1. Select from the range B:298-321 the residues that are within 9 Å of chain A (Cβ to nearest Cβ) and part of a loop (DSSP other than H, G, I, E, B) and write down the one among them that is surrounded by the most Cβ atoms within 10 Å (Cβ to Cβ).
2. Please go through the range A:139-152 and give me each residue that is at the interface with chain B (Cβ under 9 Å from one of its Cβ atoms), assigned to a helix (DSSP H, G or I) and in contact with a helix residue (DSSP H, G or I) (Cβ under 8 Å, 6 or more places away or on another chain), ordered by number.
3. Please indicate, with yes or no, whether at least one residue in the range B:262-281 is touching a helix residue (DSSP H, G or I) at 6+ places or on another chain (Cβ under 6 Å), surrounded by fewer than 21 Cβ atoms within 10 Å (Cβ to Cβ) and in contact (Cβ under 8 Å) with a residue 40 or more places away in the chain.
4. Restricting to the range B:161-184, name every residue that is more than 10 Å from chain A (Cβ to nearest Cβ) and surrounded by fewer than 21 Cβ atoms within 10 Å (Cβ to Cβ).
5. Just to be sure I understand, how many residues within the range A:260-282 are more than 17 Å from residue A:305 (Cβ to Cβ) and touching a strand residue (DSSP E or B) at 6+ places or on another chain (Cβ under 9 Å)?
6. Could you count how many residues in the range B:84-93 are more than 7 Å from chain A (Cβ to nearest Cβ) and either in contact with a strand residue (DSSP E or B) (Cβ under 6 Å, 6 or more places away or on another chain) or free of Cβ contacts under 8 Å to residues at least 40 places away in the same chain (or both)?
7. Can you work out which of the residues in the range B:101-130 that are under 12 Å from residue B:310 (Cα atoms) and surrounded by 23 or more Cβ atoms within 10 Å (Cβ to Cβ) is farthest from the other protein chains (Cβ to nearest Cβ)?
8. Among the numbered conditions (1) out of contact with any strand residue (DSSP E or B) (no Cβ under 8 Å at 6 or more places or on another chain); (2) buried (at least 24 other Cβ atoms within 10 Å of the Cβ), tell me where residue B:216 comes up short.
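The values are calculated or read from the model by the stated rules, or taken from the named source; none is laboratory data. Since this is a predicted model, take the numbers as computed values, not measurements. Cβ placement follows ideal geometry from the backbone for every residue including glycine, while neighbour counts extend to all protein chains displayed.
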């Protein structure tokens, strides 16, 4: 009948015996590079983000961190969530603790379509792919669309996590400028014309239309169809990243780009409307993209956690999530107001910033001569942290900019943080008036001038 | 003091106005390829796994699925877990629901070192990177080590999820044969010599030493240092994937390769020892690899879910997890025994299989002439599903092999499934005796022979 212990067939080795015989065994005892250091070429573009390096220092309790983008979850109903998750385990535990579909839990994909309907999107649950945060969707889309050297367009500045994924897949990022109404259509056309003249069609435009991270601005409604028309004319796909869309302070919800054009790839997230620690995001994509995206997702994680998806699903079904978002938004608005008032009161002449109508961020431009990256260690010493602007550009721009987050600290802490930042800026400006720049760490590198650190 | 609505500086566009003026706007109204179909070259290697296509049909209740690798979680103490997760939310909710470190929750990384100590590994929590299942660790390691065309070694057959990641990053897989004692050192040396003769040093050997998926075999203890010596001699890194190591039926726990050589990259998972739906796995890596791996992980998901990590941490701290693993293992052993008995009783002459001492899988070789991939639709029609062998090879081998999983169904269902499989095999062998092959789907493609489907 059988021979259980018989060795398996093993004719699968692709090298031939003849080739093997021809090559004498030559052990390598001295390798130039250790076997664990033979990294792929793409790792050259993978560098620690400035923000990441900052988290460690900025997390000291005495530092007011205006750097991170952590949502403020204090308003979550923990007692009620505790019962919900307990029920999830007793009622559906064997499913919640088991592998699921690579595309995501079906009922959650239907609920996600309900959420997207808030912004005018009519999506099909079959075209939704649930991911481990929308970061994973963005990373996988980059994986399936970007060959090394391909060009992507992104606002300048842009989301640091997007720039990280683009760098990891060796994309070339061309930034397109924004103004207070978001991405400037004329600048987009210029960029596309210039690239076309070089024979280049970017793979996609990556854009954050609402309450931009880090710029805080929102794409004007009348610009939305224009942006889409331009991209269509030039044959460029659009990826719309919208984690903050429901976090507006005026009650207005802007129409998603995806609600105007069904070819737009839309990224959404529960990280800001519910809980970031569950890491549940999604992409809504055309069917052909979906099939590749699901394959890529399977390769990346097999499937997203069933447990967290089913918890989000229960939360959406059993809780007034819209009211919870409203509560979150009121908290953020109060913090935004505190930050704007403090900026107005304390910041020195020559600073400018935008007034965000939602989201988490104010984007600040400091007076000429001040280098926000060089200033950061001195700010942290003065017990306030921010994210310097260069991290939000792929091309080194942003040294006069910085991002301030008003999402997490209390209004009192925000006010104190801005007061400390203002004092640091005043000190920098004193140096600038004397030496023409505050980038002391730069100057000390060269021997041609006296070290400002000694003054 | 400030001008809040002043447009931002926007000198960041890398294209020049002159270049833009030189390129007239030429809308593309007829594109050869839609913008949403301009996929990266690497997607050519991304194809739906045979197993994945199977899951849909095999999930019908009337089908006995011996195809999937889902752990049997029925023995989990759901009531107790329900209280545990409820406490997690009330006591640590604001942390569990918040973003965490890209490397993973620190206390869990310490506990993971305790788990690895069971297999003789002395790891440093600072060198542990928590991932969304060990699949993610494998995928990210491939990302940071593999350039297109790089060679990796893997057992033949090998884990389908590994082959998927290798294909996604355009690695070339060279399979190395196993026998009933696992990977054959002589065949490894042959492969490496042959590659060295072509000037090729593989980036790594990917190996599953314990209760192999899909082959069911375990690497003999005396072979372990030999395999490591060979790899060291040829300058080849080793990635040890060990999801089943604690699921042995004899009580013996084998020493991990990582316990012998600290340069080995070790992958572990809670998917089989606790719950797959939480997607908590990890990699233990040398420090230099760790820094790149964390950067890649940050780009992939920002951070793994805090919630599921903290639930695993509480489970390890408050439950007798070793006793739970023992209970799981007893269930699997009972199922393994049922499968072996049924194979012995029902399978036709000419079949052979191994006797696994742990894990989830039996690897079956069928008589010559039978094509397991071609047979699969007929097996599903007969209400039994398996995973055909070709899915576990990168090179088309495996058409006479198939994988049977005994992890999930009850012993009675396993017996019934094998009985059905035996009947299908008998019918195939009838066809083989008449036509010389059972690969009817192949034959019907050509007009040169009468269609066996009409016989």
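1. Step by step, filter the range B:298-321, then rank; the result is B:304.
2. Of everything in the range A:139-152, those that are at the interface with chain B (Cβ under 9 Å from one of its Cβ atoms), assigned to a helix (DSSP H, G or I) and in contact with a helix residue (DSSP H, G or I) (Cβ under 8 Å, 6 or more places away or on another chain) turn out to be A:139, A:140, A:142, A:143, A:144.
3. No: zero hits.
4. Listed by number, the list holds a single entry, B:170.
5. First pass over the range A:260-282, keeping only residues more than 17 Å from residue A:305 (Cβ to Cβ): A:260-268, A:272-273.
Remaining after also requiring touching a strand residue (DSSP E or B) at 6+ places or on another chain (Cβ under 9 Å): A:261, A:263-268.
The number of residues fulfilling the criteria is 7.
6. Applying the first criterion (more than 7 Å from chain A (Cβ to nearest Cβ)) to the range B:84-93 yields B:84, B:87-88, B:91-92.
Filter once more, so that each one left must be either in contact with a strand residue (DSSP E or B) (Cβ under 6 Å, 6 or more places away or on another chain) or free of Cβ contacts under 8 Å to residues at least 40 places away in the same chain (or both): B:91.
Total satisfying the criteria: 1.
7. Taking the range B:101-130 as the starting set, the residues that turn out to be under 12 Å from residue B:310 (Cα atoms) are B:104-109, B:111, B:130.
Still in the running and surrounded by 23 or more Cβ atoms within 10 Å (Cβ to Cβ): B:104-105, B:108-109, B:130.
Values: B:104: 12, B:105: 10, B:108: 13, B:109: 16, B:130: 12 Å.
In this case the residue turns out to be B:109.
8. Every condition holds for residue B:216 apart from (1).
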